[in-house]
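The values are calculated or read from the model by the stated rules, or taken from the named source; none is laboratory data. Please read all numbers here as calculations on a predicted model, not as lab measurements. Please note: Cβ atoms are built from the backbone with ideal geometry, for glycine as well, and neighbour counts cover all protein chains shown. These area figures cover heavy atoms from the full protein model, side chains too; ligands, DNA and RNA do not enter into them. Shrake-Rupley method; radii C 1.70, N 1.55, O 1.52, S 1.80 Å.
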Amino acid sequence: MKTTTTAVIPGWQFASDNTAGICPEAWEALAAANAGYTPSYGDDPWTERAAARIRRLLEHDQAEVYFLFNGTAANALSLAHLAHSYQGIICHEFAHVQSDECGAPEFFSGGAKLLTLPGAGAKLSAAAVEQRIRERDDLHFPRPQAVTLSQPTEFGTLYQRDEIAAICAVAHAHGLKVHLDGARFANAIAALDMSAAALSWRAGVDVLSLGGTKNGLNTTEVVVFFDRALAAQFDYRGKQAAQLASKMRFQSCQWLAVLESGAWLRHAAHANAMARRLGAAIAALPGIRLSRPVEANGVFVDLPPPAAEALNARGWHFYMLAGAGYRLMCSWATTEQEVDALVRDLQQVLAAKH
């Protein structure tokens with residue numbers, strides 16, 4: 001039987017993993033949750049079961065689980081809960097909380113200062129964190145109270161478990177708490193082939209922002225506290241910040257669907273695989289190189305600006321990240337055909353320049 005292939009129309013496929021739609025498992029769960037009536041504000045069976053399933057994923061029966069609308073709220077409210085207005089939060093200079101959240105952590109904490117550090121591959125090191133903590137200890141400077149890590153980082157790099165554990169050990173030795181921005185945490189788990197527990201609380205993480213939106217869900221993120229005492233009254237903070245959903249079942253049912261089916265991790269592994277395919281194909285082209293190895297679902301390329309402009313003219317959209325090159329993101333929905341179509345266009349663009 002003769003097979004046909006659908007032509008790929010260039011567009012927003014690689015601009016972000018946010019540009020993909022809702023994955024089928026979440027879509028079906030939304031439809032199922034839409035039938036009939038159920039208690040509101042999280043007192044529904046979907047939310048109860050989803051919270052239990054997240055605890056099971058993290059292998060932590062005492063974890064406190066909160067559903068929020070987006071990643072900025074998850075990060076900002078977590079950090080505001082950890083640091084008072086007169087304290088500091090250590091992060092990388094290219095961390096998402098620093099460069100892409102419009103001052104939300106500072107706003108919701110009432111003024112806690114982000115204390116930025118450099119580091120190769122957008123990663124903090126334990127030594128740098130310790131130096132920053134010890135650098136000032138006087139009344140005229142905000143004393144560090146928390147550390148936040150992005151996993152994966154804005155540059156697509158991954159913290160190894162031992163790196164997380166070393167940073168957590170330093171932080172805890174000085175009385176600081178550690179927050180993990182896991183907007184793409186599933187991609188990290190799939191790439192490192194380690195459990196969610198190993199890469200979070202077992203490594204010393206106190207609070208986790210668990211990402212769903214970038215992995216096929218719609219308007220639902222999770223904040224997880226691994227210490228119930230630390231989570232005290234976080235529900236009030238979420239309510240004040242307009243993050244309490246009256247129809248919470250439409251947030252939680254999506255998590256339940258992708259976790260029970262295994263789709264949450266499966267979709268992340270697929271996105272990583274598409275990124276590896278894209279990265280290998282681009283690296284094989286003459287006159288071009290990857291700015292860093294592909295570790296999760298992002299491909300970073302040192303692309304000549306004229307080539308980038310030519311790809312834009314053909315309809316492909318993607319972003320330039322300062323210090324990292326042009327970024328091409330793969331998602332749960334990325335296909336091999338889309339990867340190959342972009343590579344063909346890039347090959348043609350590069351050939352036309354010679």
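For the reader, a short list of remarks on this structure follows.
- Among residues of region 202-227 being in a helix (DSSP H, G or I) and more than 28 Å from residue 13 (Cα to Cα), the one that is most open to solvent (accessible area, probe 1.4 Å) is 202.
- Only one of 166, 127 that is of a type in the set (Gly, Ala, Ser), under 14 Å from residue 205 (Cα atoms) and either touching a Cys at 6+ places or on another chain (Cβ under 8 Å) or open to solvent by 20 Å² or more (accessible area, probe 1.4 Å) (or both): 166
- One residue from 35, 52 being part of a helix (DSSP H, G or I), out of contact with any Cys (no Cβ under 6 Å at 6 or more places or on another chain) and not acidic (Asp, Glu): 52
- Cβ separations smaller than 7 Å between residues 6+ apart or across chains give the following pairs from region 111-139 residues that are in contact (Cβ under 8 Å) with a residue 40 or more places away in the chain to residues that are of a type in the set (D, E, K, R) and not in a strand (DSSP E or B): 121/292; 122/154.
- Selection count where residues are open to solvent by 50 Å² or more (accessible area, probe 1.4 Å) and either acidic (Asp, Glu) or over 11 Å from residue 226 (Cβ atoms) (or both), scope region 54-65: 3
- Answer residue from region 228-252, given it is of a type in the set (Lys, Arg) and touching a residue at least 60 places away in the same chain (Cβ under 8 Å) and is surrounded by the most Cβ atoms within 10 Å (Cβ to Cβ) among those: 249
- Flag for residue 231 being in a loop (DSSP other than H, G, I, E, B), in contact with a strand residue (DSSP E or B) (Cβ under 7 Å, 6 or more places away or on another chain) and closer than 26 Å to residue 168 by Cα: yes
- For region 130-167, a tally of residues being of a type in the set (Lys, Arg), closer than 26 Å to residue 322 by Cα and assigned to a loop (DSSP other than H, G, I, E, B) returns 0.
- Residue within region 67-80 that is out of contact with any strand residue (DSSP E or B) (no Cβ under 7 Å at 6 or more places or on another chain), farther than 30 Å from residue 317 by Cα and free of Cβ contacts under 8 Å to residues at least 40 places away in the same chain present: no
- Residues in region 263-321 that are part of a loop (DSSP other than H, G, I, E, B), touching a residue at least 60 places away in the same chain (Cβ under 8 Å), open to solvent by 50 Å² or more (accessible area, probe 1.4 Å) and closer than 28 Å to residue 182 by Cα: 295, 317.
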